[in-house]
Structure formats: structure tokens, C-alpha cells
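Have a look at the structure below, then the notes.
The values are calculated or read from the model by the stated rules, or taken from the named source; none is laboratory data. Small disclaimer: the values here were computed from a predicted structure and weren't measured. For neighbour counting, all protein chains shown are included, and Cβ atoms are generated from backbone atoms with ideal geometry for every residue, glycine included.
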């Protein structure tokens, strides 16, 4: 075969790879806060909030494998990640299921949820680790934390961080009461 034909054949896979999405490598830098944005008539203002501590409801999503997250990474359903409307990307939070007390560490790398009454959209991997995958929806506490680099590295690699202590019965009762007061239920 002629040299030009060989070069053309070698170039085809390279050109095909260029046609896909360009994903940002999974990294903790740069941190992206972002500009205010509106979804379904609700305005969200991302901000640095090191003391973020909220109770509300979380759901999970996982069929978007390969899509791009709001900070440019490839969405990995089995990763231990979540979407939040305003926290910087990435951020790390501890999430406690108010029905079981199970607490996990996860990495926020996407925007959402945009469903009324929800404060977090979990990846399938995070929902499984938290023990709410079969329910699909659960009351949670979300608290921003600064974990050690070892835990951050595991989460960036898509692996769970070491187990966190479960919340005590007293703490869970207080969190459920706080949820009831804040949600008017």
C-alpha cells in the first residue's frame, strides 16, 4: 500500500477520538464556584460555605454514565459523588441517612438536584454505600467537611472512603426534629 493510504488509516482512530467530549481530569483544583443561574424559575447562587450543614432529602441518579458533570469530569455512576445546587465544585461532605444513622463521605462534582425539597442527588455508588438505593429517596443530613488527602484520593479514584461512625440515636432524633421544623412537617 502507498504511504499516504497508511497514514490516512492511522489517522482515522485519532480523528474519531477528537470527535467525543473532552472531560476534565478528576482533580480537586481548580475549585469552581460559578455564577448565579436559574433552573425552572428558581435562582441559585453558588458560594463558598465552609460551615454548610443542612437537613433535607436526597435521591440518586445513575443512568447518565459518561455524561459530563458541571465541573467537566466524566460522570461515573459507581463513584461516590453527588450533585448540589450551590457548593463549590468539588466539595467534600458527610452525608447521614436519618433513618439508619449510616454516614458516608462523598465528593460533590455536579449541579443539582432541581427537584423541589431535595438537597442532594447521589450517584448510584453513593446511594448504595449510604444504604438508600432501593428506597431511591431518603431524609439526610449534609455537612461540609475537609477530609484528609488519603480519603480525598480514594474518592477521586471512584472508591469509597473508610466508613464513618454511625450517628447516635440521640443525634438522629435531633436531626429528625430539625428536619420536621425546617420542612414544616
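Condition first: in contact with a strand residue (DSSP E or B) (Cβ under 8 Å, 6 or more places away or on another chain), part of a strand (DSSP E or B) and within 16 Å of residue 113 (Cα to Cα). Now tell me which residues in the range 26-49 satisfy that.
Listed by number, the residues that qualify are 37, 38, 43, 44.
Counting only residues that are outside any loop (DSSP other than H, G, I, E, B) and in contact with a helix residue (DSSP H, G or I) (Cβ under 7 Å, 6 or more places away or on another chain), which one in the range 57-95 is farthest from residue 30 (Cα to Cα)?
Our first condition is that a residue be outside any loop (DSSP other than H, G, I, E, B); within the range 57-95, this holds for 57-61, 68, 74, 81-83, 89, 91-95.
Filter again for in contact with a helix residue (DSSP H, G or I) (Cβ under 7 Å, 6 or more places away or on another chain), leaving 60, 81-82, 92, 95.
Values: 60: 26, 81: 17, 82: 18, 92: 14, 95: 24 Å.
The extreme case among them is 60.
Take the residues of the range 111-136 that are over 16 Å from residue 69 (Cα atoms) and modelled with pLDDT of 90 or more: which is surrounded by the most Cβ atoms within 10 Å (Cβ to Cβ)?
Here is the first cut: in the range 111-136, the ones over 16 Å from residue 69 (Cα atoms) are 115-119, 127-136.
Applying the additional criterion that residues be modelled with pLDDT of 90 or more yields 118-119, 127-132.
Numbers: 118: 17, 119: 20, 127: 27, 128: 19, 129: 20, 130: 24, 131: 15, 132: 23.
Out of the qualifying residues, it is 127.
Please verify whether residue 35 is in contact with a helix residue (DSSP H, G or I) (Cβ under 6 Å, 6 or more places away or on another chain) and surrounded by fewer than 16 Cβ atoms within 10 Å (Cβ to Cβ), treating the condition exactly as stated.
Details: in contact with a helix residue (DSSP H, G or I) (Cβ under 6 Å, 6 or more places away or on another chain): no; surrounded by fewer than 16 Cβ atoms within 10 Å (Cβ to Cβ): yes.
Here the answer is no, as residue 35 does not meet what is asked.
Does at least one position in the range 51-58 carry a residue that is out of contact with any strand residue (DSSP E or B) (no Cβ under 6 Å at 6 or more places or on another chain) and either surrounded by fewer than 19 Cβ atoms within 10 Å (Cβ to Cβ) or farther than 25 Å from residue 146 by Cβ (or both)? Walk me through how you get there before you give the answer.
Just the residues of the range 51-58 that are out of contact with any strand residue (DSSP E or B) (no Cβ under 6 Å at 6 or more places or on another chain), to begin with: 51.
After this cut, where a residue has to be either surrounded by fewer than 19 Cβ atoms within 10 Å (Cβ to Cβ) or farther than 25 Å from residue 146 by Cβ (or both) as well, the list is 51.
Looking for residues that are out of contact with any strand residue (DSSP E or B) (no Cβ under 6 Å at 6 or more places or on another chain) and either surrounded by fewer than 19 Cβ atoms within 10 Å (Cβ to Cβ) or farther than 25 Å from residue 146 by Cβ (or both), one finds at least one in the range 51-58, hence yes.
Of the numbered conditions (1) more than 26 Å from residue 74 (Cβ to Cβ); (2) at pLDDT 95 or above, residue 149 fails exactly one; give the number of that condition.
(1)
Could you look through the range 164-185, keep only residues that are in a loop (DSSP other than H, G, I, E, B) and free of Cβ contacts under 8 Å to residues at least 24 places away in the same chain, and pick out the one that is surrounded by the fewest Cβ atoms within 10 Å (Cβ to Cβ)?
Step one: of the range 164-185, the residues in a loop (DSSP other than H, G, I, E, B) are 164-168, 184-185.
Those left that are additionally free of Cβ contacts under 8 Å to residues at least 24 places away in the same chain: 184-185.
Details: 184: 5, 185: 7.
Among those that are in a loop (DSSP other than H, G, I, E, B) and free of Cβ contacts under 8 Å to residues at least 24 places away in the same chain, it is 184.
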